[in-house]
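Here's the structure we're looking at; comments come further down.
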Amino acid sequence: LSGSTITVKASDNEKLAYVAVLSLDGSVAYAEATPGQPEYEISFDASDVIANAHGYVAVFVGDYAGNEVAKAVKVNDNNYEEKTVYVLASTLTAGKEYLIVSRNTAGSGYALGHSGTTVSTNAVTVLAGTEDTSSQPYIDSSDVASTSVWTVASGYTFKNENYYLGYTGSFSYSLAVSTTSRNWTYSNNRLSVKPGNSTYYLRYSNGFSIS
């Protein structure tokens, strides 16, 4: 590594089958070639590697006899950290945890939460997608209040602690949190509930509501 350029020189007593610079887990190929000759050299701009790699990359060389060599090369001081993040879900799965947020693109937003039986909002930051999230915008779990993490059960119901997301009213309905479970529908990235014969959609405009 010299500045932002990585140069790989490889040789074999026969012929090189494969030369590559990969992420440590092998999921990302920053550069790769199939030389088919005894000696090979490749140089490439490593700006993207330096910006995104978790500290090291793997330089991998293999020949046609199945001999392989891999060497870790340090490219930055980033430490790999395994973390839980939330990304947009197209379907819901019982037993999983979800956030209900005001936006699905990068920027500042709000997550639906509660304080006992009072509906509340908690500020969150939706971050731009990375290779680890398959380019999907995401929310880091460390940025989320525990009262905004809802566990889904079949139906679908949304539960946090001993409280459920639902509604209140008789002829006109409003969003509520209570100890009574209510079933919701999730379709086209929208949550709705049907008290009586009318469908009410969950919305956000200076706060969460149903209408």
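Per-structure values
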item: Label-point gap, in nm, between SER142 and GLU68 - each point 7 angstrom along Cα→Cβ; result: 3.3 nm
item: Candidates LEU99, LEU24, LEU165, ranked by Gaussian network fluctuation over the chain, Cα under 10 Å, top entry; result: LEU24
item: Along the chain, longest interval not containing exposed chymotrypsin sites (Phe, Trp or Tyr not before Pro), exposed being DSSP loop plus at most 15 other Cβ atoms within 10 Å; result: 81-170
item: With every protein chain in place, the chain: carbon and sulfur % of accessible area (1.4 Å); result: 43 percent
item: Sparse-neighbour loop sites [GluC sites (Glu not before Pro); region 41-121; at most 15 other C-beta within 10 Å; DSSP]; result: GLU81, GLU82
item: Nonlocal amide H pairs with TYR110, under 5 Å, H built at 1.01 Å; result: SER102, ARG103, VAL124
item: Lys pairs, region 1-118 - Cα-Cα below 21 angstrom, 8 or more residues apart or on other chains; result: 4
item: Long-range tail of P(r) for region 151-198 (Cα pairs > 14 Å, %); result: 50 percent
item: Accessible surface, per residue, of region 21-176 when the full set of protein chains is kept, probe 1.4 Å, Å²; result: 57 Å²
item: Alpha-carbon centroid distance for the pair region 195-210 / region 62-114, whole angstrom; result: 31 Å
item: Cα-based Rg of region 19-88 normalised by 2.2 N^0.38 Å, two decimals; result: 1.29
item: Reported label for calculated Rg/Rh (Cα atoms, Kirkwood Rh) given [x] 1.01; [y] 1.21; [z] 0.99; result: [y]
item: FRET E, pair ASN189, PHE44, Förster distance 35 Å, beta-carbon r, rounded to 0.05; result: 0.35
item: Choice from SER134, SER178, SER192 with maximal GNM fluctuation in the chain (Cα, 10 Å cutoff); result: SER134
item: Cβ-Cβ FRET estimate between THR84 and SER134, R0 fixed at 22 Å, reported to 0.05; result: 0.90
item: Two-decimal ratio, region 1-50, of alpha-carbon radius of gyration to 2.2 N^0.38 Å; result: 1.18
item: Sequence-distant residues sharing a close amide H with ALA31 (under 5 Å, placed H); result: VAL21
item: Distant alpha-carbon pairs in region 130-211 (separation over 22 angstrom), percent; result: 33 percent
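The values are calculated or read from the model by the stated rules, or taken from the named source; none is laboratory data. Computed from a prediction, not measured in an experiment: that's the story for all the values here. We place every Cβ from the backbone using ideal geometry, glycine too, and count neighbours over all the protein chains shown. Quick note on the areas: whole protein, heavy atoms, side chains included, nothing else; ligands and nucleic acids left out. Shrake-Rupley method; radii C 1.70, N 1.55, O 1.52, S 1.80 Å.
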